[in-house]
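Just so you know, all these numbers are worked out from the coordinates, no wet-lab data involved. Everything quoted here is computed from the prediction, not taken from an experiment. Glycine gets a Cβ as well: all are built from the backbone with ideal geometry, and neighbour counts include every protein chain shown.
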Ligand SMILES: [Zn+2]
């Protein structure tokens, strides 16, 4: 199993927003990415996500995404879970990615709940409207204070509890659910490999720690796997 965070996409030029202390129109990003902010001013929140979609649409997968996609063909029970919402794992060829924080490329109807893929940049209409019922749609991402998609987090926990090796890439894994997944895997006897250029609390649980950018470290790990 591989579990990824913002560090994987940073090398593709995708800015880290969640918990980054960044500002949007003078306000902390944390105050834009909430249900209350959307209720108060949906146009403004949609402008924020439209800008993120523009920025991510220009980004390309890096060697870390490519290695993680390749493992699905090598390991029959491989699971890839991510906290990223940028879709770069899929752009690198990964299938069945567990997107724990949702996706910038999905939108959901506030009224009938219809959930759909929306790849167009720019969006033809802002805010977008549901083709079925005409109601406003919301970004398909998980906001601060919201529950994670139950299907995705349950599948990730199940995979963590049965995997032999968990590779944690580009996340400090100190906040839920990251910390939870690593704890589950470690408690079940999995080997935990951490890849992160920065020191993190995760190192205590990890059997192997590789301090370096994912785009450099993962190709090296992959080379060793090929020799094995
Ligand atoms: Zn609808």
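Fewest to most neighbouring Cβ within 10 Å: what's the order for 32, 165, 221, 182?
Numbers: 32 22, 165 14, 221 18, 182 25.
Neighbour counts put them in this order, fewest first: 165, 221, 32, 182.
Pick out which of 44, 191, 74 has the largest mean-square fluctuation in a Gaussian network model of the chain, springs linking Cα atoms closer than 10 Å.
Checking each option, the largest mean-square fluctuation is seen for 74.
How far is the Cα center of the stretch 134-163 from the Cα center of the stretch 190-219, in Å?
Spelled out, the Cα-based centre of one part sits 24 Å from the other.
Of all DSSP beta bridges located in the chain, what percent are antiparallel, nearest 5? Can you show the working numbers first?
Details: 10 of 26 bridges.
Around 40 percent antiparallel, to the nearest 5.
Under 10 °C and 1.306 mPa s, how fast does the chain diffuse according to Stokes-Einstein, given a Kirkwood radius computed over C-alpha pairs? Answer in µm²/s, whole number. Could you put the intermediate results ahead of the total?
Details: Rh = 18.3 Å.
The Stokes-Einstein estimate is 87 µm²/s.
Sum -39500 (n - 2.57) across every DSSP H segment of at least 4 residues in the chain, then divide by the residue count to get the 222 nm mean residue ellipticity, nearest 500.
On the way: 9 runs with 84 residues, N = 228.
Taken over the chain, the calculation gives -10500 deg cm²/dmol.
For a footprinting-style exposure proxy, rank 142, 121 by other Cβ within 10 Å, fewest first. Please report the intermediate quantities before stating the final value.
Numbers: 142 21, 121 14.
With the fewest neighbours first, 142, 121 line up as 121, 142.
List 94, 111, 200 from most exposed to least, where exposure is judged by having the fewest other Cβ atoms within 10 Å. Mind dumping the intermediate values first?
On the way: 94 22, 111 12, 200 19.
By the 10 Å Cβ count, ascending: 111, 200, 94.
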